[in-house]
1. So which residues in the range 206-247 are of a type in the set (D, E, K, R) and closer than 21 Å to Pro161 by Cβ, if there are any at all?
2. Any chance the range 77-85 includes a residue that's small (Gly, Ala, Ser), in a loop (DSSP other than H, G, I, E, B) and either under 20 Å from Leu141 (Cβ atoms) or in contact with an Asp or Glu (Cβ under 8 Å, 6 or more places away or on another chain) (or both)?
3. Among the residues in the range 201-212, are any in contact with a Phe, Trp or Tyr (Cβ under 8 Å, 6 or more places away or on another chain) and not assigned by TED's automatic domain parsing to the domain that holds His96?
4. Residues Arg119, Arg167, Arg124, Arg134: which one is among the charged types (D, E, K, R) and either under 13 Å from the mean Cα position of the chain (by Cα) or not assigned by TED's automatic domain parsing to the domain that holds Gly42 (or both)?
5. In the range 117-133, is there at least one residue being surrounded by 18 or more Cβ atoms within 10 Å (Cβ to Cβ), assigned to a helix (DSSP H, G or I) and either among the hydroxyl-bearing types (Ser, Thr, Tyr) or touching a helix residue (DSSP H, G or I) at 6+ places or on another chain (Cβ under 9 Å) (or both)?
6. Within the range 63-100, how many residues turn out to be under 19 Å from Val34 (Cβ atoms) and either of a type in the set (Gly, Ala, Ser) or not assigned by TED's automatic domain parsing to the domain that holds Gly42 (or both)?
7. Considering Met182, Met74, which residue is in a loop (DSSP other than H, G, I, E, B), at pLDDT below 95 and surrounded by 15 or more Cβ atoms within 10 Å (Cβ to Cβ)?
Amino acid sequence: MSDWDRDWLGAIATVHAATQRLFATLGQLGEDDVRAPSLLPGWTRGHVLTHIARNADALRNLAVWARTGVETPMYASREARNAEIEQGAPRALGEHRVDVTRSAEALDEELRGLPEDRRDAAVRGILGSEFPAREITWRRLVELEFHHVDLAAGYGPSAWPPEFLGRALNQVAGSFAAREGMPDVTVRTADGGREWRLGQATNPGGAATPTVSGPEASLLAWLSGRGLGKDLTVTPSGALPELPAWM
(Lines give C-alpha, C1' and ligand atoms only; values in the text may rest on other atoms or scores of the structure.)
Protein backbone atom coordinates (compact mmCIF):
# COMPACT_ATOMS: atom_id res chain seq x y z
CA MET A 1 0.00 0.00 0.00
CA SER A 2 1.38 3.41 -0.97
CA ASP A 3 1.71 6.39 1.36
CA TRP A 4 -1.18 7.98 -0.52
CA ASP A 5 -3.43 5.01 0.25
CA ARG A 6 -2.39 4.93 3.91
CA ASP A 7 -3.06 8.61 4.62
CA TRP A 8 -6.78 8.91 3.89
CA LEU A 9 -7.27 12.39 5.30
CA GLY A 10 -4.04 13.57 3.68
CA ALA A 11 -5.28 12.34 0.30
CA ILE A 12 -8.59 14.13 0.81
CA ALA A 13 -6.69 17.31 1.70
CA THR A 14 -4.65 17.04 -1.51
CA VAL A 15 -7.83 16.68 -3.55
CA HIS A 16 -9.29 19.67 -1.70
CA ALA A 17 -6.24 21.78 -2.56
CA ALA A 18 -6.53 20.83 -6.24
CA THR A 19 -10.22 21.76 -6.11
CA GLN A 20 -9.38 25.16 -4.66
CA ARG A 21 -6.95 25.79 -7.51
CA LEU A 22 -9.74 24.97 -9.95
CA PHE A 23 -12.09 27.35 -8.12
CA ALA A 24 -9.47 30.10 -8.47
CA THR A 25 -9.38 29.57 -12.24
CA LEU A 26 -13.17 29.56 -12.39
CA GLY A 27 -13.18 32.90 -10.61
CA GLN A 28 -11.12 34.43 -13.42
CA LEU A 29 -13.39 33.32 -16.27
CA GLY A 30 -15.90 35.61 -17.92
CA GLU A 31 -19.30 34.68 -19.33
CA ASP A 32 -18.03 34.27 -22.88
CA ASP A 33 -15.01 32.25 -21.76
CA VAL A 34 -17.13 29.27 -20.77
CA ARG A 35 -18.27 28.82 -24.38
CA ALA A 36 -14.73 29.01 -25.80
CA PRO A 37 -12.95 25.84 -26.97
CA SER A 38 -11.03 23.74 -24.48
CA LEU A 39 -7.98 21.63 -25.29
CA LEU A 40 -10.24 18.61 -25.81
CA PRO A 41 -11.44 18.23 -29.41
CA GLY A 42 -15.11 19.10 -29.78
CA TRP A 43 -15.48 20.28 -26.19
CA THR A 44 -15.91 23.81 -24.91
CA ARG A 45 -14.83 24.83 -21.43
CA GLY A 46 -18.46 24.29 -20.49
CA HIS A 47 -18.16 20.63 -21.47
CA VAL A 48 -15.04 20.23 -19.33
CA LEU A 49 -16.62 21.94 -16.31
CA THR A 50 -19.75 19.82 -16.59
CA HIS A 51 -17.64 16.68 -16.84
CA ILE A 52 -15.68 17.67 -13.72
CA ALA A 53 -18.93 18.16 -11.79
CA ARG A 54 -20.52 14.92 -12.99
CA ASN A 55 -17.30 13.05 -12.18
CA ALA A 56 -17.58 14.28 -8.59
CA ASP A 57 -21.15 12.96 -8.47
CA ALA A 58 -20.04 9.65 -9.98
CA LEU A 59 -17.20 9.15 -7.51
CA ARG A 60 -19.51 10.11 -4.67
CA ASN A 61 -21.78 7.28 -5.85
CA LEU A 62 -18.85 4.89 -5.45
CA ALA A 63 -18.13 6.19 -1.96
CA VAL A 64 -21.78 5.62 -1.03
CA TRP A 65 -21.52 2.11 -2.48
CA ALA A 66 -18.46 1.41 -0.33
CA ARG A 67 -20.08 2.81 2.81
CA THR A 68 -23.45 1.09 2.47
CA GLY A 69 -22.61 -2.05 0.52
CA VAL A 70 -25.45 -1.22 -1.89
CA GLU A 71 -24.25 -1.14 -5.49
CA THR A 72 -24.39 2.45 -6.73
CA PRO A 73 -22.84 2.76 -10.21
CA MET A 74 -20.91 5.82 -11.27
CA TYR A 75 -23.35 6.53 -14.10
CA ALA A 76 -26.57 4.96 -15.32
CA SER A 77 -24.74 4.27 -18.60
CA ARG A 78 -22.05 5.77 -20.80
CA GLU A 79 -24.81 7.20 -22.97
CA ALA A 80 -26.42 8.89 -19.97
CA ARG A 81 -23.04 10.29 -18.92
CA ASN A 82 -22.41 11.76 -22.36
CA ALA A 83 -25.93 13.19 -22.55
CA GLU A 84 -25.54 14.96 -19.19
CA ILE A 85 -22.31 16.57 -20.35
CA GLU A 86 -23.90 17.80 -23.57
CA GLN A 87 -26.93 19.14 -21.73
CA GLY A 88 -24.85 20.93 -19.11
CA ALA A 89 -22.19 22.45 -21.34
CA PRO A 90 -24.16 25.51 -22.62
CA ARG A 91 -25.12 26.76 -19.15
CA ALA A 92 -24.20 30.21 -17.87
CA LEU A 93 -20.94 30.64 -16.00
CA GLY A 94 -22.69 31.14 -12.67
CA GLU A 95 -24.48 27.81 -13.02
CA HIS A 96 -21.19 26.07 -13.75
CA ARG A 97 -19.59 27.60 -10.68
CA VAL A 98 -22.43 26.46 -8.43
CA ASP A 99 -22.46 22.97 -9.96
CA VAL A 100 -18.70 22.42 -9.70
CA THR A 101 -18.66 23.76 -6.14
CA ARG A 102 -21.64 21.81 -4.80
CA SER A 103 -20.62 18.53 -6.41
CA ALA A 104 -17.06 18.84 -5.07
CA GLU A 105 -18.30 19.64 -1.57
CA ALA A 106 -20.70 16.68 -1.60
CA LEU A 107 -17.90 14.32 -2.64
CA ASP A 108 -15.58 15.72 0.03
CA GLU A 109 -18.22 15.20 2.72
CA GLU A 110 -18.89 11.61 1.64
CA LEU A 111 -15.20 10.74 1.54
CA ARG A 112 -14.57 12.19 5.00
CA GLY A 113 -17.42 10.08 6.34
CA LEU A 114 -16.23 6.79 4.83
CA PRO A 115 -15.31 4.49 7.74
CA GLU A 116 -11.83 3.02 7.75
CA ASP A 117 -13.16 -0.53 7.58
CA ARG A 118 -15.03 0.28 4.34
CA ARG A 119 -12.16 1.87 2.42
CA ASP A 120 -11.05 -1.45 0.93
CA ALA A 121 -14.56 -2.31 -0.24
CA ALA A 122 -14.58 -3.15 -3.95
CA VAL A 123 -16.32 -0.70 -6.27
CA ARG A 124 -16.44 -0.63 -10.05
CA GLY A 125 -15.47 2.02 -12.57
CA ILE A 126 -17.33 2.96 -15.71
CA LEU A 127 -15.25 0.52 -17.80
CA GLY A 128 -16.13 -2.36 -15.49
CA SER A 129 -12.87 -2.84 -13.61
CA GLU A 130 -12.99 -3.21 -9.83
CA PHE A 131 -10.79 -1.29 -7.41
CA PRO A 132 -10.80 -0.54 -3.66
CA ALA A 133 -12.72 2.52 -2.55
CA ARG A 134 -9.55 4.09 -1.15
CA GLU A 135 -8.50 4.74 -4.78
CA ILE A 136 -11.38 7.18 -5.25
CA THR A 137 -9.26 10.07 -3.97
CA TRP A 138 -6.49 9.38 -6.48
CA ARG A 139 -8.93 9.05 -9.35
CA ARG A 140 -10.48 12.37 -8.43
CA LEU A 141 -7.08 14.07 -8.31
CA VAL A 142 -6.27 12.75 -11.79
CA GLU A 143 -9.54 14.17 -13.13
CA LEU A 144 -8.94 17.54 -11.50
CA GLU A 145 -5.33 18.01 -12.55
CA PHE A 146 -5.69 16.86 -16.16
CA HIS A 147 -8.98 18.61 -16.85
CA HIS A 148 -7.85 21.80 -15.14
CA VAL A 149 -5.17 21.96 -17.84
CA ASP A 150 -7.78 21.08 -20.48
CA LEU A 151 -9.67 24.29 -19.66
CA ALA A 152 -6.86 26.22 -21.40
CA ALA A 153 -7.37 29.02 -18.90
CA GLY A 154 -3.86 29.63 -17.59
CA TYR A 155 -3.24 26.47 -15.56
CA GLY A 156 -0.62 24.39 -17.33
CA PRO A 157 1.45 21.25 -16.74
CA SER A 158 4.17 23.27 -15.00
CA ALA A 159 1.65 23.90 -12.20
CA TRP A 160 1.13 20.20 -11.48
CA PRO A 161 2.20 19.53 -7.87
CA PRO A 162 4.88 16.93 -7.04
CA GLU A 163 2.40 14.71 -5.17
CA PHE A 164 0.50 14.32 -8.45
CA LEU A 165 3.37 14.30 -10.94
CA GLY A 166 5.32 11.30 -9.72
CA ARG A 167 2.47 8.84 -9.44
CA ALA A 168 0.64 10.10 -12.53
CA LEU A 169 3.75 9.79 -14.70
CA ASN A 170 4.28 6.25 -13.49
CA GLN A 171 0.63 5.42 -14.19
CA VAL A 172 0.49 6.91 -17.68
CA ALA A 173 3.89 5.62 -18.79
CA GLY A 174 3.10 2.21 -17.35
CA SER A 175 -0.15 2.04 -19.30
CA PHE A 176 1.84 2.40 -22.53
CA ALA A 177 4.40 -0.29 -21.62
CA ALA A 178 3.15 -3.11 -23.84
CA ARG A 179 0.28 -1.40 -25.58
CA GLU A 180 -0.52 -2.38 -29.14
CA GLY A 181 0.50 0.30 -31.62
CA MET A 182 2.92 1.91 -29.20
CA PRO A 183 6.32 2.65 -30.78
CA ASP A 184 9.39 1.42 -28.95
CA VAL A 185 10.72 4.27 -26.86
CA THR A 186 12.47 4.79 -23.55
CA VAL A 187 11.14 7.65 -21.44
CA ARG A 188 13.55 9.10 -18.89
CA THR A 189 13.32 11.99 -16.45
CA ALA A 190 15.82 14.79 -16.95
CA ASP A 191 17.81 13.80 -13.88
CA GLY A 192 17.94 10.18 -15.02
CA GLY A 193 16.31 9.05 -11.82
CA ARG A 194 13.29 7.38 -13.40
CA GLU A 195 12.91 5.45 -16.64
CA TRP A 196 10.21 3.51 -18.50
CA ARG A 197 10.52 1.27 -21.55
CA LEU A 198 7.44 1.59 -23.74
CA GLY A 199 6.35 -0.50 -26.70
CA GLN A 200 6.89 -4.16 -27.50
CA ALA A 201 10.55 -4.20 -28.55
CA THR A 202 9.73 -4.54 -32.24
CA ASN A 203 12.11 -1.98 -33.75
CA PRO A 204 12.93 -3.28 -37.24
CA GLY A 205 16.47 -4.12 -38.24
CA GLY A 206 17.84 -3.69 -34.77
CA ALA A 207 17.32 0.07 -34.91
CA ALA A 208 18.27 1.91 -31.75
CA THR A 209 15.37 2.58 -29.44
CA PRO A 210 14.98 6.35 -29.06
CA THR A 211 15.11 7.85 -25.59
CA VAL A 212 12.88 10.81 -24.78
CA SER A 213 14.00 12.77 -21.74
CA GLY A 214 13.00 15.95 -20.00
CA PRO A 215 11.21 17.42 -16.98
CA GLU A 216 8.55 15.23 -15.39
CA ALA A 217 5.76 17.70 -16.14
CA SER A 218 6.71 17.90 -19.82
CA LEU A 219 6.95 14.12 -20.11
CA LEU A 220 3.53 13.65 -18.51
CA ALA A 221 1.98 16.36 -20.68
CA TRP A 222 3.38 14.73 -23.83
CA LEU A 223 2.36 11.20 -22.87
CA SER A 224 -1.16 12.26 -21.88
CA GLY A 225 -1.71 14.35 -25.02
CA ARG A 226 -1.52 17.70 -23.23
CA GLY A 227 1.78 18.96 -24.55
CA LEU A 228 3.83 18.98 -27.74
CA GLY A 229 7.06 18.09 -25.97
CA LYS A 230 8.97 21.11 -27.26
CA ASP A 231 11.36 21.00 -24.31
CA LEU A 232 11.94 17.24 -24.52
CA THR A 233 15.14 15.75 -25.93
CA VAL A 234 15.24 12.76 -28.27
CA THR A 235 18.37 10.58 -28.40
CA PRO A 236 19.54 9.68 -31.04
CA SER A 237 18.50 13.03 -32.44
CA GLY A 238 15.19 12.94 -34.27
CA ALA A 239 11.49 13.72 -34.07
CA LEU A 240 9.39 12.72 -31.09
CA PRO A 241 7.69 9.35 -31.64
CA GLU A 242 4.00 9.52 -32.49
CA LEU A 243 1.94 8.16 -29.63
CA PRO A 244 -1.51 6.60 -29.62
CA ALA A 245 -4.09 8.47 -27.57
CA TRP A 246 -3.70 7.74 -23.87
CA MET A 247 -7.45 7.77 -23.14
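The values are calculated or read from the model by the stated rules, or taken from the named source; none is laboratory data. Being a predicted model, the structure only gives us computed values, none of them experimental. Cβ sites come from the backbone with ideal geometry, for glycine too, and all protein chains shown count toward neighbours.
1. Glu216, Arg226, Asp231
2. no
3. Yes: the range 201-212 contains one or more residues that are in contact with a Phe, Trp or Tyr (Cβ under 8 Å, 6 or more places away or on another chain) and not assigned by TED's automatic domain parsing to the domain that holds His96.
4. From the options Arg119, Arg167, Arg124, Arg134, the qualifying one is Arg167.
5. Within the range 117-133 (the criterion being surrounded by 18 or more Cβ atoms within 10 Å (Cβ to Cβ), assigned to a helix (DSSP H, G or I) and either among the hydroxyl-bearing types (Ser, Thr, Tyr) or touching a helix residue (DSSP H, G or I) at 6+ places or on another chain (Cβ under 9 Å) (or both)), the answer is yes, since at least one residue qualifies.
6. Number of matching residues: 4.
7. Going through Met182, Met74 in turn, just one is in a loop (DSSP other than H, G, I, E, B), at pLDDT below 95 and surrounded by 15 or more Cβ atoms within 10 Å (Cβ to Cβ): Met182.
Okay, residues lined up against (1) touching an Asp or Glu at 6+ places or on another chain (Cβ under 6 Å); (2) without any contact (Cβ under 8 Å) to a residue 24 or more places away in the chain; (3) of a type outside the set (Gly, Ala, Ser):
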| residue | (1), (2), (3) |
| --- | --- |
| Val123 | no, no, yes |
| Glu130 | no, yes, yes |
| Asp150 | no, no, yes |
| Gly154 | no, no, no |
